[in-house]
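First the structure, in the form of structure tokens, and then the observations on it.
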Amino acid sequence: LSSSWAQDTLDADVKDGLYRVIVVETASNDAEQLASGAVSINQYSQLLDQLIAKAGNDYVVIVNAKVNAPFYYKQSDALAINRAIDEAAAKHANVRVVDWNSEAHDHASWFGADMLHLSPGLPATVLASDPPSSKEQNYADTAFAQAIVKGVESSAT
């Protein structure tokens with residue numbers, strides 16, 4: 001969310017009005033941006049609030065940061081991002097949080113050596129028009145997809 005590319009992409013998605021649910025899966029990158037000093041936690045919170053305001057009545061599903069990713073950021077950076085996400089969700093009825101940090105906590109085998117990126121499984125680009133077969137998916141891929149689906153489905157309630 002804190003990179004200009006993510007902001008531009010989300011702005012276009014919201015402006016087009018094509019989607020009733022916007023999924024934001026940038027929290028780990030945002031924790032890295034916080035760790036490097038490229039964004040402050042206050043700026044991140046403002047970016048969240050701006051996105052939610054632009055979304056209007058559309059749902060915003062936010063995947064939180066995996067806390068244990070020692071090569072990219074300190075746990076405190078990820079926890080700060082996750083708190084900001086939780087605070088935004090508490091303020092806005094149209095925000096849902098996918099707690100990827102909790103989902104991933106006891107599953108180190110899902111991740112590569114950097115403890116952040118999923119173990120090799122799916123190709124770099126996955127298209128809805130050409131989804132990977134179940135044979136190409138490993139358990140980590142499936143768990144991540146199921147977590148996001150659960151967050152999107154919660155928007156219907």
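The values are calculated or read from the model by the stated rules, or taken from the named source; none is laboratory data. Please read these numbers as outputs of a predicted model, since none were measured by experiment. Using ideal geometry, Cβ is built from the backbone for each residue, glycine included, and neighbour counts are taken over all protein chains shown. Side chains included, ligands, DNA and RNA excluded: accessible areas come from the protein's heavy atoms. Shrake-Rupley method; radii C 1.70, N 1.55, O 1.52, S 1.80 Å.
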Q: Give me the pairs, please: first residue somewhere in region 19-34 and farther than 13 Å from V97 by Cβ, second residue anywhere and open to solvent by less than 30 Å² (accessible area, probe 1.4 Å) and acidic (D, E), beta-carbon distance under 8 Å, and either six or more positions apart or on two chains.
A: Y19/D58; R20/D58; V21/D58; I22/D58; A31/D77; E32/D77; L34/D77
Q. Which of the residues that make up region 1-45 are in contact with a Phe, Trp or Tyr (Cβ under 6 Å, 6 or more places away or on another chain), open to solvent by less than 20 Å² (accessible area, probe 1.4 Å) and of a type in the set (V, I, T)?
A. none
Q.
I'd like to check something: does region 65-76 contain any residue that is out of contact with any Pro (no Cβ under 7 Å at 6 or more places or on another chain), at pLDDT 90 or above and in a helix (DSSP H, G or I)?
A. yes
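Select from region 96-153 the residues that are touching a Gly at 6+ places or on another chain (Cβ under 8 Å) and under 21 Å from N82 (Cβ atoms) and write down the one among them that is modelled with the lowest pLDDT. Before you say what the answer is, go through the steps one by one.
Filtering region 96-153 for residues touching a Gly at 6+ places or on another chain (Cβ under 8 Å) gives 96-98, 118-120, 136-138, 140-141.
Now narrow it down to the ones that are under 21 Å from N82 (Cβ atoms): 96-98, 118, 140.
Details: R96: 92, V97: 93, V98: 91, L118: 75, A140: 69.
Across region 96-153, the extreme among qualifying residues is A140.
Within region 74-93, is there a residue that is of a type outside the set (G, A, S), on the phi < 0 side of the Ramachandran plot, within 13 Å of the chain's Cα centre (by Cα) and open to solvent by 30 Å² or more (accessible area, probe 1.4 Å)? Talk me through it step by step, then tell me what you get.
Of the residues in region 74-93, the ones of a type outside the set (G, A, S) are 74-75, 77, 79, 81-83, 85-87, 91-92.
Then drop every residue that is not on the phi < 0 side of the Ramachandran plot, which leaves 74-75, 77, 79, 81-83, 85-87, 91-92.
Then keep just the ones that are within 13 Å of the chain's Cα centre (by Cα); that gives 81-82, 85-86.
Right, trim to open to solvent by 30 Å² or more (accessible area, probe 1.4 Å) and you get 86.
Among the residues of region 74-93, at least one is of a type outside the set (G, A, S), on the phi < 0 side of the Ramachandran plot, within 13 Å of the chain's Cα centre (by Cα) and open to solvent by 30 Å² or more (accessible area, probe 1.4 Å), which makes the answer yes.
Return the total of residues in region 51-64 being surrounded by 15 or more Cβ atoms within 10 Å (Cβ to Cβ) and assigned to a helix (DSSP H, G or I). Steps first, answer last, please.
Narrowing region 51-64 to residues surrounded by 15 or more Cβ atoms within 10 Å (Cβ to Cβ): 51-52, 54-55, 58-64.
Narrowing further to those that are assigned to a helix (DSSP H, G or I): 51-52, 54-55.
Going through region 51-64 one residue at a time, the tally reaches 4.
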